[in-house]
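The values are calculated or read from the model by the stated rules, or taken from the named source; none is laboratory data. What you are looking at is a predicted structure, and each value in this text was computed from that prediction instead of being measured. Here the Cβ positions follow ideal geometry from the backbone for every residue, glycine too, while neighbour counts run over all protein chains shown. Please note that ligands, DNA and RNA were not included when accessible areas were found on the heavy atoms of the full protein model with its side chains. Shrake-Rupley method; radii C 1.70, N 1.55, O 1.52, S 1.80 Å.
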Amino acid sequence: MRDAPDANEEARTKPTLKEVLSDISKLSDEEGEGDASAGGGSALVKLDRAMRAAVAEHTKTRNAGKQMTVNQAERVVDMTVEEDKQSAAAPMLPLPSNVMALPSADRREKLRIVEALLFAASEPLKETELAQHFAQGEDVKALLEELQGLYAGRGVNLRRVAGKWSFRTADDLSFLLERQAIAQRRLSRAALETLAIIAYHQPVTRAEIEEIRGVSTSKGTIDVLLETGWIKLRGRRRAPGRPVTYGTTEAFLEHFGFEQIQDLPGLSELKGAGLLDSNLPPGFSMPNPDDAPDLREDEDPLEDEDEPLGAGEDDGFEDDGFDDDAAREDE
């Protein structure tokens, strides 16, 4: 039994195309010399010419292909450079509304600083207080608004209250903290009415409060509102007796969640909540609340000897201002 030929040996013995063409050329030359009188038109000579022409065409095509590839590569490089130049010169287009740009490393650090300051603060902070921790000219308001957007869908939200910023529990999750809330005594009806009148009609005196309510207001009711820090003594009215005028404070806005005093509910909102009768007298209107700190033309500054609570006004009737079993003047 004969062994199978070795593949390497077969490859070595197999003639190359160049060797075949050389052998054909030799044969054609020998036959061409013998048939010179016939013009060298034998079949072998024609075959040699045809194969040489085919090899030359194949070599030309291959070289042309290589050259084309180089040209294409150069053209691609030129196009890339031109596109880079156009991109550098073109202005940056704004991002779509549903795409949020990620902050840079430096901006992320600034957001972290604002976040840490607000979390550690025991009370709401002003933008000027936050700006003290940054270089002059830093747009702190933009940082706060960006941080507000980042916390919009979380359990705590960044809110602006009374011109200051603080983190507050999300409204839809407030029920989770009901057990942790500190139980506080509710204000009496007289105290709530007095507080509402002061908020809407400030600056207002005690006599004006009683005129609006239609009943007398005890010194204890105003004392309680002063102790809570929701109202303050503003000045003295330029009128006989120089009565004290009252107004609301920033603590009032912070407690009830108002950014400014103008956010108090209006006439239509009070009607919708059922707090006002739909059959109001003709010409009835709601005042425009204004808690500007500057004194009005009919107000004088407080004197140093003015009492902090009640302003020395006493009608001999005591009301602690809380909703309990104690007698109140409007019951």
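What to note about this one:
- For the stretch 160-173, Karplus couplings with θ = phi - 60° (6.51, -1.76, 1.60), whole Hz, Gly/Pro x: 9, 10, 6, x, 10, 10, 7, 8, 10, 5, 4, 4, 6, 10
- Cα→Cβ-extended label distance, 7 Å offset, between LEU192 and GLU211, nm: 2.6
- Centre separation in Å (Cα based) which lies between the stretch 198-215 and the stretch 220-251: 11
- Label sites at GLN136 and PHE119, each approximated as a point 7 angstrom past Cα along Cα to Cβ, lie 3.2 nm apart.
- Cα-Cα pairs of the stretch 196-235 separated by more than 17 Å (percent): 22
- Per atom type, the stretch 219-281 shows carbon and sulfur on 50% of its accessible surface, probed at 1.4 Å.
- Inter-label distance, ARG107 to GLU129: 2.7 nm, where each label sits 7 Å from its Cα along the C-beta direction.
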